[in-house]
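The structure under discussion appears below in the form of structure tokens.
The values are calculated or read from the model by the stated rules, or taken from the named source; none is laboratory data. Given the structure is predicted, the values throughout are model-derived calculations rather than measurements. When we count neighbours, we look across all protein chains shown, and the Cβ atoms used for this are built from the backbone with ideal geometry, even at glycine.
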Protein chains: 2
Amino acid sequence: MTTTESGSGLETLTRPDAERARELVAAGIERGALVTVVGRCTVTYDGRAASSLGAGERHVMLKPDGAALVHTDEGQQPVNWQPPDCDHEATVADGRLVVESHRETPEEHLTVRFESVVHAAAYPLTDEEDLSLAGTEADLRERILDEPALVEAGFEPLATERSTPAGAVDVFGEDADGRTVVVELKRRRVGPDAVGQLGRYVDALERELHAETDVRGILVAPSVTDRARRLLAERGLEFVAVEPTRE
Amino acid sequence: MTTTESGSGLETLTRPDAERARELVAAGIERGALVTVVGRCTVTYDGRAASSLGAGERHVMLKPDGAALVHTDEGQQPVNWQPPDCDHEATVADGRLVVESHRETPEEHLTVRFESVVHAAAYPLTDEEDLSLAGTEADLRERILDEPALVEAGFEPLATERSTPAGAVDVFGEDADGRTVVVELKRRRVGPDAVGQLGRYVDALERELHAETDVRGILVAPSVTDRARRLLAERGLEFVAVEPTRE
DNA sequence: TTCTTCATCTCGAAA
DNA sequence: TTTCGAGGTGAAGAA
């Protein structure tokens, strides 16, 4: 069995020769299909870094938006890839299928050389739907704005994404005594990096608001690591535990 | 055409009914194959966050290591996924194929409900090869150790990954005047986060080495953003431009 | 474009 | 197991 074809645009080939496979891949790309090729191959990448991968059996996916993914039998991440907006090309060299993907800015090139093709397919996919996701940092921000007391009794949010010379502050407001408060939100347990981020915002605002006002910095997250807690104390910053919603 | 089978363990089905598809998926998982199912489906996820995705055509991959990926026709990243070490399960409910993937710690559950299956396949992949990658931060470190003058004339590396209360320093050494030097390496253009990281190492070492020694902090990277450069200046830290090798 | 930060980040190493 | 930082991080939003 070497060829299968169905009514609705799906094309598949089982153990095709290189030329047949090349035709399917080239036609699939041309038609805007999602193309997959499974087989024994070597992979080389040159661009932001450089990599090479000896012969093994892998699953190669070429998307109509120009993305390319090479997956082994392990791992959530592809072993090699190209981002969207690359140009894909299928050729035959020395009787073998070669799939290449290229882009400029930055210059990057991925080459997959097949020793054998087990299966190739072109799937004409359409997907209109957008993912609806809950439990993000943006959701946590909405929750804080709805219920500012989660941060502290008397806390009054005045702005979100307020810009400072150090970047945009998640939530900017005042405490019950009228002191300026900077809130940095994290949807999960925080390490030293988040403390540094909050510290930069506090420093920037103290400079911007000129001296005598001292600015409070509050990190809001489910929890904090020991090292981060120590850093918070050193810099006179505060922590408030709030779980994200996830509903 | 509804079924294809080849000698070497590959199994494919074109437009199978739900029960046929379930059998292929279940058998493929059992055999340790990489399983793909392409068709119109809805996807829900609940775990670290929660998401739902209306009906559309997608490519679902189940890996033998327990990873699951749902890809649309766009983007390098899957629209939904599960990490390795999840348990996959295929069932038929209301005459439809349902693929589920679950893990505990943390509790996470992914459900893919198919309205129709265009194609299903089980690929018995083997891959012994490891990726060889050049142009990483580790390569940059070797380069600096080979040629310390890239950092500064007279710089002498004394240790790599030297541990401090703030974490491990990339390269630890002395300058021509015997002053302690902390080098933080980055393979690409750096922003404010890297300055914070370097600053924490410098602070930790000044504390550890007690007072009178002042510690120099040098950020080594291809380039810096303006804001990061300003932060470096504020904290008395330095920058040296070095390109990663990529050979 | 560049910059900045979030991410169901993933992944690996070390404590 | 948790913590920490690298990553060819990718992706989104703003300047």
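Taking segment B:123-146 as the range and being among the aliphatic types (A, V, I, L, M) and away from DNA strand C (no atom under 13 Å from the Cβ) as the test, the residues that pass are B:L125, B:A134, B:L140, B:I144, B:L145.
Might you let me know whether segment A:200-219 holds any residue that is farther than 16 Å from A:T164 by Cα and in contact with a Gly (Cβ under 6 Å, 6 or more places away or on another chain)? Looking through segment A:200-219, none of the residues is farther than 16 Å from A:T164 by Cα and in contact with a Gly (Cβ under 6 Å, 6 or more places away or on another chain). Among the conditions (1) within 23 Å of the chain's Cα centre (by Cα); (2) surrounded by fewer than 20 Cβ atoms within 10 Å (Cβ to Cβ), A:R187 misses just one, which is (2). Residue-level analysis places A:A134 among those that are more than 30 Å from A:G32 (Cβ to Cβ), surrounded by 13 or more Cβ atoms within 10 Å (Cβ to Cβ) and out of contact with any helix residue (DSSP H, G or I) (no Cβ under 8 Å at 6 or more places or on another chain).
For segment A:90-115, a residue qualifies if it is surrounded by 16 or more Cβ atoms within 10 Å (Cβ to Cβ), in contact with a helix residue (DSSP H, G or I) (Cβ under 9 Å, 6 or more places away or on another chain) and of a type outside the set (K, R), and the qualifying residues are A:A90, A:V92, A:L97, A:V98, A:V99, A:F114.
The numbered conditions (1) part of a strand (DSSP E or B); (2) on the phi > 0 side of the Ramachandran plot are all true for B:G9 except (1). Among the residues of segment A:172-183, is there at least one that is within 16 Å of DNA strand D (Cβ to nearest atom) and within 14 Å of another protein chain (Cβ to nearest Cβ)? Scanning segment A:172-183, I find no residue that is within 16 Å of DNA strand D (Cβ to nearest atom) and within 14 Å of another protein chain (Cβ to nearest Cβ), so the answer is no. Looking at the structure I just gave you, is B:V240 touching a helix residue (DSSP H, G or I) at 6+ places or on another chain (Cβ under 8 Å), surrounded by fewer than 21 Cβ atoms within 10 Å (Cβ to Cβ), part of a strand (DSSP E or B) and away from chain A (no Cβ under 14 Å)? Yes, satisfied. Condition (residue is over 27 Å from A:T225 (Cα atoms) and within 12 Å of DNA strand D (Cβ to nearest atom)) applied to segment B:228-243: is it met by at least one residue? Within segment B:228-243, not a single residue is over 27 Å from A:T225 (Cα atoms) and within 12 Å of DNA strand D (Cβ to nearest atom).
One line per residue, one yes/no per condition, for (1) charged (D, E, K, R); (2) crowded, with 22+ Cβ neighbours inside 10 Å; (3) farther than 22 Å from A:E156 by Cα; (4) out of contact with any strand residue (DSSP E or B) (no Cβ under 6 Å at 6 or more places or on another chain):
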| site | (1), (2), (3), (4) |
| --- | --- |
| A:P192 | no, no, yes, yes |
| A:G199 | no, yes, no, yes |
| A:G236 | no, no, no, yes |
| A:T245 | no, no, no, yes |
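Among the residues that make up segment A:166-178, is at least one of them in contact (Cβ under 8 Å) with a residue 40 or more places away in the chain and surrounded by fewer than 16 Cβ atoms within 10 Å (Cβ to Cβ)? No, every residue in segment A:166-178 fails to be in contact (Cβ under 8 Å) with a residue 40 or more places away in the chain and surrounded by fewer than 16 Cβ atoms within 10 Å (Cβ to Cβ). Considering segment A:37-137, the qualifying strands (runs of 3 or more DSSP E), each wholly inside and each with 2 or more residues that are within 11 Å of chain B (Cβ to nearest Cβ), run over A:50-62, A:68-71, A:80-82, A:108-123, A:132-134. Using the structure shown, decide if A:R187 is within 15 Å of DNA strand D (Cβ to nearest atom) and within 10 Å of another protein chain (Cβ to nearest Cβ). When the stated conditions are applied, A:R187 passes them. The residues on offer are B:A50, B:A26, B:A68, B:A55, and the sole one that is in contact with a Phe, Trp or Tyr (Cβ under 8 Å, 6 or more places away or on another chain), among the aliphatic types (A, V, I, L, M) and either surrounded by fewer than 20 Cβ atoms within 10 Å (Cβ to Cβ) or in the same structural domain as B:E108 (by TED's automatic domain parsing) (or both) is B:A68. Report the residue count in segment B:82-108 for those that are more than 20 Å from B:A21 (Cα to Cα) and either among the charged types (D, E, K, R) or within 12 Å of DNA strand D (Cβ to nearest atom) (or both). Selection size over segment B:82-108: 7. B:A204 meets the conditions (1) surrounded by 14 or more Cβ atoms within 10 Å (Cβ to Cβ); (2) on the phi > 0 side of the Ramachandran plot in every case but one. The failed one is (2).
Within segment A:90-118, being over 15 Å from A:G47 (Cα atoms), of a type outside the set (A, V, I, L, M, F, W, C) and touching a residue at least 60 places away in the same chain (Cβ under 8 Å) holds for A:T91, A:G95, A:R96, A:R113, A:E115, A:S116.
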